[in-house]
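Working notes, structure below.
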Amino acid sequence: QVQLVESGGGLVQAGGSLRLSCAASGRTLSSYGMGWFRQAPGKEREFVGFITRINDNTYYDDFVKGRFTISRDNAKNTVYLQMNSLKPEDTAVYYCAALRYYSRDYVAASAYDYWGQGTQVTVAS
C-alpha cells in the first residue's frame, strides 16, 4: 500500500512553467513505476508520461514531448513533473499513479494500482 499526494498546481500564464510533485508514503516509491495523467473538464483521463522503477526510463505522450519532463528522487520519495511552455489546453487536474508491475498497459489509467487525489493546473491565455 502506498499513499500519493500531488502538489504544485496553480494558475500560470501561457508560456510559463510549473513543477508538480508526487510525494509517496507507506511504501518506498522505488517499488513502483510512476505515471502522470491529466483530466480536463468533459474529457477522458489522458496519459501524460511514465517513469520506470529501474534506470528511470521515461515515456511521454506525443502531445507533451519536448515540454514536460518526469523525474524521480528516491531519497525524497517523490516523483516530479516539470512542465514548461504551458498552453491553455494543458489546463486539467493532474494525477500521479503507481504501477506495481510494469506492463504494456502503462498508458491506460485502468492499469494503475494507486492514485493521488490530483492537483489543479490552470493555464491562462
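The values are calculated or read from the model by the stated rules, or taken from the named source; none is laboratory data. Treat the numbers as computed from the prediction; the structure is a model and nothing was measured. Using ideal geometry, Cβ is built from the backbone for each residue, glycine included, and neighbour counts are taken over all protein chains shown. Just so you know, the surface numbers come from the protein's heavy atoms only, side chains and all, with ligands and any DNA or RNA stripped out. Shrake-Rupley method; radii C 1.70, N 1.55, O 1.52, S 1.80 Å.
A compact table of results
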| quantity | calculated |
| --- | --- |
| Every pair of residues 6+ apart whose Cβ atoms lie under 8 Å, when the first sits in the range 97-125 and is over 16 Å from Ser31 (Cβ atoms) and touching a residue at least 60 places away in the same chain (Cβ under 8 Å) while the second is assigned to a strand (DSSP E or B) and among the basic types (Lys, Arg) | Val121/Arg38 |
| Of all residues in the range 54-83 being open to solvent by 40 Å² or more (accessible area, probe 1.4 Å) and polar (S, T, N, Q), the one that is farthest from Gly118 (Cα to Cα) | Asn55 |
| One residue from Val64, Val48 being at pLDDT below 95 and touching an Asp or Glu at 6+ places or on another chain (Cβ under 9 Å) | Val64 |
| Whichever residue in the range 84-125 is under 19 Å from Asn57 (Cβ atoms) and of a type in the set (A, V, I, L, M, F, W, C) and, among such residues, is most open to solvent (accessible area, probe 1.4 Å) | Val107 |
| Cβ pairs under 6 Å, 6+ apart, first in the range 60-83 and more than 27 Å from Ser25 (Cα to Cα), second open to solvent by 30 Å² or more (accessible area, probe 1.4 Å) | Arg67/Asn84; Arg67/Ser85 |
| Qualifying residue in the range 16-24 (condition: aliphatic (A, V, I, L, M), without any contact (Cβ under 8 Å) to a residue 60 or more places away in the chain and either within 18 Å of Gln3 (Cβ to Cβ) or open to solvent by 20 Å² or more (accessible area, probe 1.4 Å) (or both)) | yes |
